[in-house]
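For reference, the structure is listed below as structure tokens.
The values are calculated or read from the model by the stated rules, or taken from the named source; none is laboratory data. Source: prediction; values computed, not measured. Reconstructed Cβ throughout: ideal geometry from the backbone, glycine too, with neighbour counts over all protein chains shown. Calculation scope for accessible area: heavy atoms of the full protein, side chains included, ligands and nucleic acids excluded. Shrake-Rupley method; radii C 1.70, N 1.55, O 1.52, S 1.80 Å.
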Amino acid sequence: MRSAFRSGLFSSYAWRRGQLLALRRLLVEREEELYAAVSADLGKSAEETYLTELSFVSGEIRQALRHLRRWMRPEGRSVPLHYLFGRASVCPEPHGVVLIIGAWNYPLQLVLAPLVSALAAGNCAVLKPSESAPHTSALIAGLLGTYLDGRAVRVVEGGIEETRALLELPFDFIFYTGSRSGGSDVMLAAARHIVPVVLELGGKNPCIVECDADLAAAARRIVWAKFLNAGQTCIAPDYLLVHEKIREPLLALMQQAVSKFYGPDPASSPDYSRIVNDRHFLRLESLMQSDEIVSGGQRDRSDRFIAPTILRVSADSPLMQEEIFGPLLPVMTYTAIDQAIACIRQRSDPLAVYLFTRSRAVIEQVLRQTRSGGFCCNDILFQSAIHTLPFGGSGVSGFGRYHGRAGFETFSVSRSVLVKSVFPDPGLRYPPYNRKKYLFLKEIVRYLG
């Protein structure tokens, strides 16, 4: 792949555009197969797969096709007078051969969306889909070679051993989506080759609900976002901080929303997903044991089903110690916004902070006094769905950005270019130097620089 990359085959606009069009054609022509694979892995409905995976990747392709010529164009920079005559520019160039390691919770989006950015930037890419979504992994491996240039895109399937073997290779760039522990391993491996990395990790995303919020809208949006994909979403609200005056009415409205969305028995709802495997099921089941369940709690290990579950918790609950990544929603109360902010700041920077309020002052305070990869007020998840907004974490929730132009820039290297005339060529710049020449040069640089 490196030999093919160095041949310059993939640098042209025409090649990049052709690969993006081919990937879009794959999504259209193999749509039903993609739905079936994701359903086999996660029990996800075709509608949810389309909304959260296929439509997003299609949107990334559309955004790239629309703006690719402009993104590829060198950007001019000003040149100080004493460096005339010359033209300065910044040229985006591909890293080379990149490694993209995807996650299982959105097994299409989290592999193919970074691939869109990698291809738009002119890279070769090795994809490692998650072994925890084996049906989707196998389908990606089978389809990409049919639609895309096999000299530039390869898929490697397998588990931990295969991933470790890939990380031993001297890639030019690594893009990883997954757990914090996995991110640490990737960084250590990349350090041995001095390779740049982007890490898209997780975190405990808080959601604050102030007493002036529209409770009915907040309840619907929180329930939808939290229990989408059975809670297995890295940017889902991980816990609620609710003003004590509105806790009970909000909880009642949330229970109504669960019943409306998934019916009296969510296990029979075609719109409710399943836990990815037994290991995660047992982990989530153990977390449910220590706190008061407000609603839900039903589970069936044979079907890997855990109902949408809302719990009242305290700050020292096991549910508040790590990212949940499942359909368990702990709820805590506060009496003043400063308390809610203090609770958030006790923890590592999350991927997202959510807030429901009508107060501009509260919005500004939360923005000013918290840190996160993204922020969304009066809605949830959609800060990551807008292709013009960079997506990524902060601190231990990850670093680096992608989506839209941010993805193109992440998968590119900014090359500084100066093209200068040989005239004029004054002798002032060359030795031997004396004090008079030095003072004259100093004044020129101070005045013109």
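Search region 148-204 for residues being basic (K, R) and under 29 Å from G8 (Cβ atoms), and hand back the single one that is surrounded by the most Cβ atoms within 10 Å (Cβ to Cβ).
R154
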Going through H403, H387 one at a time, which residue ends up being within 23 Å of R180 (Cβ to Cβ), of a type outside the set (A, V, I, L, M, F, W, C) and touching a residue at least 60 places away in the same chain (Cβ under 8 Å)? H403
Would a scan of region 249-266 turn up a residue that is open to solvent by 20 Å² or more (accessible area, probe 1.4 Å), part of a strand (DSSP E or B), among the basic types (K, R) and within 24 Å of L42 (Cα to Cα)? no
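Hey, among the residues in region 298-311 that are part of a loop (DSSP other than H, G, I, E, B) and open to solvent by 60 Å² or more (accessible area, probe 1.4 Å), which one's farthest from K44 (Cα to Cα)?
Q298
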Filtered residues of region 175-212 (kept if among the hydroxyl-bearing types (S, T, Y) and either more than 30 Å from T333 (Cα to Cα) or in contact with a strand residue (DSSP E or B) (Cβ under 8 Å, 6 or more places away or on another chain) (or both)): Y176, T177, S181, S184
Among the residues of region 215-235, is any outside any helix (DSSP H, G or I), under 24 Å from F5 (Cβ atoms) and open to solvent by less than 10 Å² (accessible area, probe 1.4 Å)? no
Yes or no: region 108-118 includes at least one residue that is in contact (Cβ under 8 Å) with a residue 24 or more places away in the chain, assigned to a helix (DSSP H, G or I) and over 22 Å from the mean Cα position of the chain (by Cα). no
Matching helices (runs of 4 or more DSSP H) fully within region 316-433 where at least 2 residues are among the β-branched types (V, I, T) and either under 25 Å from the mean Cα position of the chain (by Cα) or loosely packed, with under 15 Cβ neighbours inside 10 Å (or both): 337-345, 360-369
Index of the failed condition, A138 passing every other in (1) within 24 Å of E409 (Cα to Cα); (2) open to solvent by 40 Å² or more (accessible area, probe 1.4 Å); (3) touching a residue at least 24 places away in the same chain (Cβ under 8 Å): (1)
Could you grab the pairs with beta carbons closer than 9 Å, sequence gap of 6+ or different chains, first residue in region 435-449 and within 12 Å of H82 (Cβ to Cβ), second one loosely packed, with under 10 Cβ neighbours inside 10 Å and of a type in the set (S, T, Y)? none
Can you confirm whether region 93-103 contains a residue that is under 30 Å from N277 (Cα atoms), open to solvent by less than 60 Å² (accessible area, probe 1.4 Å) and part of a loop (DSSP other than H, G, I, E, B)? yes
Those residues of region 279-297 which are modelled with pLDDT of 95 or more, loosely packed, with under 14 Cβ neighbours inside 10 Å and touching a helix residue (DSSP H, G or I) at 6+ places or on another chain (Cβ under 7 Å), in sequence order: none
Going by the conditions given, is H67 touching a residue at least 12 places away in the same chain (Cβ under 8 Å) and either under 30 Å from I444 (Cβ atoms) or touching a Phe, Trp or Tyr at 6+ places or on another chain (Cβ under 6 Å) (or both)? no
